[in-house]
Amino acid sequence: MSDVAEAPQKRPIDKQALLKKYIAERDKRLRADGNSQYLQLKGQLAHYAEDPYTPFVERAPVTDHVTFAFIGGGFAGLVTGARLVEAGIKDVRIVEKGGDFGGTWYWNRYPGAQCDTASMVYMPLLEETGHAPSEKYAHAPEILEQCQRIGRQFGLYDKALLHTEVTDVSWDEAASRWVIATNRGDRFTASFIGLGTGPLHVPKLPGIPGIEDFRGHSFHTSRWDYDYTGGDPKGAPLTKLADKRVAIIGTGATAVQCVPHLAAAAKALYVFQRTPSSVDVRANAPIDREWFEGVATPGWQQRWLENFTANQAGGTAEEDLVKDGWTDLSRRIRSRIGHLPLEQRNLANMLAAYEDADFEKMEEIRARVDEIIGDAETAQRLKAWYRQLCKRPCFHDEYLQAFNRPNVSLVDTDGKGVERITETGVVAGGREYEVDCIIYASGFEVGTEYKRRAGFDLTGRDGFKLSEAWAQGMRTKHGVHVHGFPNAFFVQPTQGANLISNVPHNLTEAGRTIAMIIRHALDAGAKEVEVTKDAQDAWVELLLHAPARLMGSPDCTPGYYNNEGQPQHEIARYNVGYPAGPQAYFKYLEDWRSSGAFEGLEFR
Ligand code: NDP
């Protein structure tokens with residue numbers, strides 16, 4: 001297994017100068033249109049959203065009843081479904097818009113896609129399925145296979161509706177059940193529903209003038225066109241690009257993983273950059289089978305999950321099992337705080353420790369660019385001038401190196417972005433780059449309202465809509481239960497642990513909790529379970545006392561972490577987690593559910 005070198009910082013850091021630079025770089029990128037700069041894949045752009053992976057098969061509409069229906073066939077639906085089946089509730093239907101299970105890992109098959117959080121903690125239900133990850137950071141096909149494995153092992157394919165989008169979900173008060181309608185003409189009922197539609201599943205395009213005019217080939221990274229590029233998701237070379245000039249627009253976590261593959265294959269590759277990502281050491285390595293057998297003793301994955309969370313998210317842990325770039329920053333902060341005399345461990349000194357550790361870390365990441373990149377000007381342009389958690393941190397050992405290739409050009413737009421797309425190419429800095437193909441690594445909708453991303457509203461008791469319930473901000477207990485929406489369970493991180501560095505940990509805990517609640521309801525003969533208004537209000541009140549998230553520092557460059565640099569709407573205050581942090585939340589949740597009282601829920 002790999003380690004991250006804890007290199008002592010030699011050069012003194014001029015913090016004031018760095019902050020000034022951060023603010024200047026942020027200011028270059030601030031723009032009034034914020035989130036609305038992006039385009040939805042609708043109308044003339046709808047073809048960008050089509051599924052290139054699985055043929056669409058006609059089927060008859062479904063009109064039956066199931067005990068539990070789950071909307072979304074990604075990790076959230078799979079882990080909840082698995083826990084329900086384990087609890088003896090086998091009548092589970094997953095409804096999924098993709099042609100198979102997998103969610104993110106169904107759609108994102110771009111070359112080089114792999115998990116950025118260690119497989120041992122990222123891939124769900126490894127212990128239950130007996131799968132040993134092949135690499136410290138598994139590649140996408142292995143993660144998709146794990147999704148399929150969970151689906152098979154727990155019988156979740158039997159009732160699943162794939163290539164199916166939910167259009168309406170309404171509570172039938174008289175029958176105490178939900179009525180679910182889909183775009184395939186289905187209209188079935190469910191005693192309970194789960195919602196795991198994911199935070200990053202609606203692809204978006206940059207709002208670049210002329211985007212519809214391009215006459216060459218183009219696609220979004222989450223709909224990779226292997227027919228055009230050659231190669232496959234398993235890493236076969238993209239041979240059909242040998243005579244092609246390719247543009248990739250965007251340099252976020254997706255581009256960082258696929259650029260090396262494009263660079264190795266294309267005749268010419270132009271990487272259009274608006275903001276550089278911070279790219280730290282990856283140090284991927286195969287997982288040694290013998291080592292794994294030694295580690296994989298009963299309860300191993302839960303121990304690893306808890307250990308990662310304790311190390312990454314400001315908890316306490318004796319050792320660091322994963323030891324990577326995610327836990328490195330926290331380790332540095334803890335070490336600085338550990339060196340403070342007890343009487344000096346106050347909030348101001350802790351924030352200072354955080355800031356110092358971050359400056360040190362980012363200086364190392366910038367120094368790494370100089371070490372790798374041959375051309376000094378290119379190196380300068382690839383440096384990220386912001387705190388590490390202002391934007392999604394990236395980790396890769398071949399991305400920066402790709403810019404040393406003669407066929408690869410970095411087209412840095414100095415924060416301005418691409419100016420225009422023409423019939424034949426991409427314009428930036430007043431120059432047109434003629435290309436055969438444009439690949440949009442422009443990310444996914446974040447921060448838009450739930451209804452828009454999910455594609456449906458939820459109509460609860462007395463015709464009350466979810467969009468109304470959350471109009472002034474999200475209101476839940478544990479991020480799972482919403483008053484007015486009986487028998488409905490949301491599976492997502494916000495208002496729970498809110499552990500962003502390892503989203504599956506949030507989901508597996510929610511899945512386990514939901515299965516225990518449903519088992520309890522069925523055993524007690526209860527037809528309905530709902531959070532009380534008082535319990536929900538108390539939870540929201542507790543959350544609002546959480547300290548502001550460090551990633552929201554005002555000097556951050558715009559991105560989806562900070563509402564594209566626009567003032568946060570009042571409702572964003574509600575997008576928080578348990579004030580004492582993820583480690584404490586998971587402990588609290590375990591106590592809450594195992595007491596059997598499910599305090600705050602009403603069973604009737
Ligand atoms: P991002 O939203 O992170 O990146 C979009 C990119 O497009 C940014 O570099 C953005 O620049 C750029 N862009 C937008 N508009 C323009 C424009 N007009 N001109 C030029 N560039 C433009 O999307 P990704 O798909 O990379 O990642 C989304 C998220 O998905 C990640 O943050 C991560 O959470 C997840 N992910 C996870 C992975 C994993 O775990 N293995 C792998 C990949 C993604 P700017 O920065 O200036 O806005």
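All of the numbers you see were taken from the coordinates with simple rules; none came from a lab. Quick caveat, the model's predicted, so the values are computed rather than measured. Glycine also receives a Cβ, built like all others from the backbone with ideal geometry; neighbour counts cover every protein chain displayed.
Counting residues in the stretch 403-485 as N, plug N into 2.2 N^0.38 Å and put the Cα Rg over that result.
My calculation over the Cα atoms of the stretch 403-485 gives 1.87.
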- request: Mind jotting down the distance between the C-alpha centroids of the stretch 218-238 and the stretch 438-498, whole Å?
  value: 32
message: I need the Kirkwood Rh of the stretch 313-462: take the reciprocal of the average 1/r across all distinct C-alpha pairs and report it in angstrom.
response: 19.9
query: Taking the Cα atoms of the stretch 296-355 alone, what are Rg (to one decimal) and Dmax (as a whole number) in Å?
result: 13.4, 42
- line: Here the relative contact order (percent) of the chain, from C-alpha pairs under 8 Å and at least 6 apart, is 20
- line: Mean Cβ-within-10 Å packing, highest first, puts peptides 230-238, 133-141, 482-490 in the order 482-490, 133-141, 230-238
- request: With label points built 7 Å along Cα→Cβ from the Cα atoms of ALA175 and LEU347, find their separation and express it in nm.
  value: 5.2
Placed amide H near GLU135: partners under 5 Å, 5+ positions off or other chain: ILE287
statement: For the SER409, LYS234 Cβ pair and Förster radius 30 Å, calculated FRET efficiency rounded to 0.05 is 0.60
statement: When all Cα-Cα pair distances of the stretch 499-604 are considered, the percent exceeding 23 Å is 41
Whole-Å semi-axes of the stretch 32-109's equivalent ellipsoid (Cα gyration tensor): 30, 17, 13
message: Between GLU590 and GLU449, what is the label-point separation in nm under the 7 Å Cα-to-beta-carbon projection?
response: 4.0
statement: Any residue on another chain or 5+ positions along whose placed amide H is under 5 Å from the amide H of SER218 is listed here as ILE438
- request: Can you tell me the dipole magnitude for the stretch 472-596 around its Cα centre, using point charges on the Cβ only (Lys, Arg +1; Asp, Glu -1), in Debye to the nearest 20?
  value: 200
- prompt: Once the Cβ-Cβ distance between THR189 and THR129 is put in as r, and R0 is 35 Å, what FRET efficiency do you end up with, to the nearest 0.05?
  reply: 0.70
- request: Can you tell me the relative contact order of the stretch 319-401? Whole percent, Cα pairs under 8 Å, sequence separation 6 or more.
  value: 26
message: Could you tell me the relative contact order of the stretch 214-340? Use alpha-carbon pairs under 8 Å, at least six residues apart, and round to a whole percent.
response: 15
message: Tell me which cysteines of the chain come out unpaired when the rule is another cysteine's Cβ under 4.7 Å.
response: CYS115, CYS147, CYS258, CYS394, CYS437
- prompt: What does the charge add up to near MET123, with Lys and Arg as +1, Asp and Glu as -1, over the other residues with Cβ less than 12 Å from its Cβ?
  reply: -3
Check: the stretch 367-464 dipole with +1 on Lys, Arg Cβ and -1 on Asp, Glu Cβ, in debye: 520
- prompt: Rounded to the nearest 500 deg cm²/dmol, what is the calculated helix-only ellipticity per residue at 222 nm for the chain, with -39500 (n - 2.57) per DSSP H run of length n ≥ 4?
  reply: -9500 deg cm²/dmol
task: Would you kindly derive the ³J(HN,Hα) couplings of the stretch 437-453 from the backbone phi angles with the Karplus curve 6.51 cos²θ - 1.76 cosθ + 1.60 (θ = phi - 60°), listing them in order in whole Hz, with x for Gly and Pro?
output: 9, 10, 10, 8, 9, 9, x, 9, 5, 9, x, 7, 6, 3, 4, 5, 6
field: Packing-based order for 493-500, 572-579, 514-521, using average beta carbon neighbours within 10 Å, highest first
entry: 493-500, 514-521, 572-579
task: In whole Hz, with x marking every Gly and Pro, tabulate ³J(HN,Hα) for the stretch 163-172 from phi via Karplus 6.51 cos²θ - 1.76 cosθ + 1.60, θ = phi - 60°.
output: 6, 9, 10, 6, 10, 7, 9, 10, 7, 9
Burial ranking of peptide ranges 372-385, 275-288 (average Cβ count within 10 Å, highest at the top): 275-288, 372-385
query: What is the order of LEU347, LEU39, LEU507, fewest Cβ neighbours within 10 Å to most?
result: LEU347, LEU39, LEU507
field: Signed unit charges on C-beta, dipole axis of the stretch 80-163, positive-most listed residue GLY81, GLN153, GLY130
entry: GLY81
query: With a 10 Å Cβ neighbour count serving as the proxy for reagent exposure, in which order, fewest first, do SER595, SER467 appear?
result: SER595, SER467
- line: Along the stretch 259-275, Karplus-curve 3J(HN,Hα) (6.51, -1.76, 1.60; θ = phi - 60°) to the nearest Hz, with x for Gly and Pro, reads 4, x, 6, 5, 4, 6, 10, 6, 5, 9, 10, 10, 9, 8, 10, 9, 9
message: Limiting things to C-alpha atoms, what are the Rg and the maximum Cα-Cα separation (Dmax) for the stretch 373-422, in angstroms?
response: 12.7, 35
task: Give the span of the stretch 135-263's Cα atoms along each principal axis, as three whole-Å numbers ordered largest to smallest.
output: 63, 41, 24
- line: If the chain between ASP227 and ALA296 were fully extended at 0.36 nm per residue, the gain over the current Cα-Cα distance would be 20.8 nm
statement: Out of SER119, THR424, ILE248 - ranked by how far each Cα lies towards the positive end of the dipole of the chain, with unit charges on the beta-carbon of charged residues - the top one is THR424
statement: Listed with the fewest Cβ neighbours within 10 Å leading, ASP186, ASP397, ASP328, ASP523 appear as ASP523, ASP397, ASP186, ASP328
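Only Lys, Arg, Asp and Glu count, each charged at its Cβ (+1, +1, -1, -1), so figure out the dipole size of the stretch 1-121 about its Cα centre, rounded to 20 debye.
Dipole magnitude for the stretch 1-121 comes out near 740 debye.
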- line: Placing +1 on each Lys and Arg Cβ and -1 on each Asp and Glu Cβ in the chain, then taking the dipole about the Cα centre, the residue among ALA283, TYR585, TRP385 whose Cα reaches farthest towards the positive end is TRP385
message: Report the Cα centroid-to-centroid distance between the stretch 82-118 and the stretch 305-323 in angstrom, as an integer.
response: 26
task: Report, to two decimal places, the Cα Rg of the stretch 96-185 normalised by 2.2 N^0.38 Å (N = number of residues).
output: 1.34
Taking the C-alpha atoms of the stretch 243-401, convex hull volume expressed per residue in Å³: 150
field: Surface/4 estimate of mean projected area, convex hull on alpha-carbon atoms of the stretch 216-337, nm²
entry: 10.8
field: For the chain, convex hull volume per residue from C-alpha positions, Å³
entry: 156
statement: Once amide hydrogens are built 1.01 Å from N within the peptide plane, the residues lying 5 or more places from GLU165 or on another chain with amide H under 5 Å from its amide H are ASN183, ARG184
message: Tell me whether the stretch 429-588 comes out rounded, prolate or oblate; compute the Cα gyration tensor, take square roots of the eigenvalues as a ≥ b ≥ c, and use a/c under 1.5 as the rounded threshold.
response: prolate
